[in-house]
Amino acid sequence: MKNDRFYRQLVLKMHEVSVVPPQTVGPFTPLYKLLVSRLKFFPVVAILPFSLFLIFIAYIFFGVLLVSLASVLQASF
Amino acid sequence: MGLLKPFILFLRNFLAVILNPYNTYRRISFSGTDIRQVFYIYVFVLLYFLFASLLKAGYKNPFLLTFKFNSLFLASTSGFFLMIFLFYLGHKIYSTVNFYPGRLVVLWSYSLFPTLFWFFYTSVMYIVLPPPRTFSIFGKTYSLLYLVVSTTLLLWKLMLYYLTLRFALRLDLSRIILLTLLFTPVIFVYALLMYRLGVYKIPFI
């Protein structure tokens, strides 16, 4: 059994998956798991709409100040 | 041939960090790390510094160009080692596993991609549509889109920072948050210093 290639790969994968214990955040664990599951694969798909939402909210609060911020950032490289 | 294997590793991990960062960071941290792969990341970093130096200092004055390039290179190198030192302190405070500098260097180097993307994006847009932005509808729209892209890259960077601490030091979320609170003033002082020295306004970390 120990010489079986598939078995050895499976054991290695199991070790890799359990390299850190699962993260828990008390009563918020289900919510945390839900959020993290969306970030594990191609996170840009989840992050981009969130950024859009953040900037929209920021625009409501700060208005055209964001235009000045963009100008400052664009000259900051 | 000696650099071919790390190059293939680099290409594979580069795409995987975009598509599947969690599993990629876990795999890199687990399966032993070929530190030579970070060489290709720094090739891109150096190319960016060359591009930024040309953009800022022009090519007519070689002294200014060399000075700008060297200052960017030295500042980013010091920033990189500062972060590694901070992570080492974090390991000393909280971590219970052995410290593998190679693993940390590889994981943190891959987290430079969002930084590099942002700096390239900002520099290119600086040429295409130089600031300042106007308050017209086009100016506002462009500014908001620019900020959306910047926020996306920042969040991606924060995610890779979290994954670096999670898998290089095997820390949990609460300890990562506590360490981040500890690191933030140091990074702020570093950013302020770089700003005062005139190297960059946003630190290349």
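The values are calculated or read from the model by the stated rules, or taken from the named source; none is laboratory data. In this text, all values refer to a predicted model and were calculated from it rather than measured experimentally. Reconstructed Cβ throughout: ideal geometry from the backbone, glycine too, with neighbour counts over all protein chains shown.
Yes or no: the range A:49-68 includes at least one residue that is more than 9 Å from every other protein chain (Cβ to nearest Cβ), under 27 Å from residue B:25 (Cα atoms) and free of Cβ contacts under 8 Å to residues at least 40 places away in the same chain.
Yes; the residues of the range A:49-68 include at least one that is more than 9 Å from every other protein chain (Cβ to nearest Cβ), under 27 Å from residue B:25 (Cα atoms) and free of Cβ contacts under 8 Å to residues at least 40 places away in the same chain.
Considering only the range B:159-190, state which residues are in a helix (DSSP H, G or I), of a type in the set (A, V, I, L, M) and in contact with a helix residue (DSSP H, G or I) (Cβ under 9 Å, 6 or more places away or on another chain).
B:159, B:160, B:163, B:165, B:168, B:173, B:176, B:178, B:179, B:182, B:186, B:187
Restricting attention to the range B:1-29, and to residues there that are away from chain A (no Cβ under 11 Å) and not in a helix (DSSP H, G or I), which single residue is surrounded by the most Cβ atoms within 10 Å (Cβ to Cβ)?
B:3
Residue check: is residue B:48 more than 14 Å from chain A (Cβ to nearest Cβ) and closer than 27 Å to residue B:128 by Cα?
Against the criterion (more than 14 Å from chain A (Cβ to nearest Cβ) and closer than 27 Å to residue B:128 by Cα), residue B:48 does not qualify.
Could you tell me whether residue A:40 is within 8 Å of another protein chain (Cβ to nearest Cβ), loosely packed, with under 15 Cβ neighbours inside 10 Å, among the basic types (Lys, Arg) and within 22 Å of residue B:17 (Cβ to Cβ)?
Here the answer is yes, as residue A:40 does meet what is asked.
Quick one: in the range B:75-87, which of the residues that are hydrophobic (A, V, I, L, M, F, W, C) and in contact (Cβ under 8 Å) with a residue 12 or more places away in the chain is nearest to residue B:205 (Cα to Cα)?
Top of the filtered list is B:80.
I'd like the full set of residues that are more than 8 Å from chain A (Cβ to nearest Cβ) and not in a loop (DSSP other than H, G, I, E, B), limited to the range B:119-148.
Within the range B:119-148, B:120, B:121, B:124, B:127, B:128, B:137, B:138, B:141, B:145 qualify.
Which ones in the range A:26-77 are modelled with pLDDT of 90 or more and outside any helix (DSSP H, G or I)?
A:41, A:42, A:43, listed by residue number.
Residues are listed down the side, and each one gets a yes or a no for (1) surrounded by fewer than 20 Cβ atoms within 10 Å (Cβ to Cβ); (2) in contact (Cβ under 8 Å) with a residue 40 or more places away in the chain:
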site: B:67; (1), (2): yes, no
site: B:91; (1), (2): no, yes
site: B:94; (1), (2): yes, yes
site: B:165; (1), (2): no, yes
site: B:182; (1), (2): yes, yes
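If you go through the range B:30-49 one residue at a time, do you hit one that is among the polar types (S, T, N, Q), in a helix (DSSP H, G or I) and touching a residue at least 60 places away in the same chain (Cβ under 8 Å)?
Yes: one or more hits.
So residue B:84 ticks every box in (1) away from chain A (no Cβ under 11 Å); (2) within 15 Å of the chain's Cα centre (by Cα); (3) buried (at least 20 other Cβ atoms within 10 Å of the Cβ) but one. Which box is left unticked?
Looking at each condition in turn, residue B:84 falls short on (3).
Tell me which residues, restricted to the range A:16-25, are at the interface with another protein chain (Cβ under 7 Å from one of its Cβ atoms) and assigned to a helix (DSSP H, G or I).
Within the range A:16-25, A:16 is the sole residue that qualifies.
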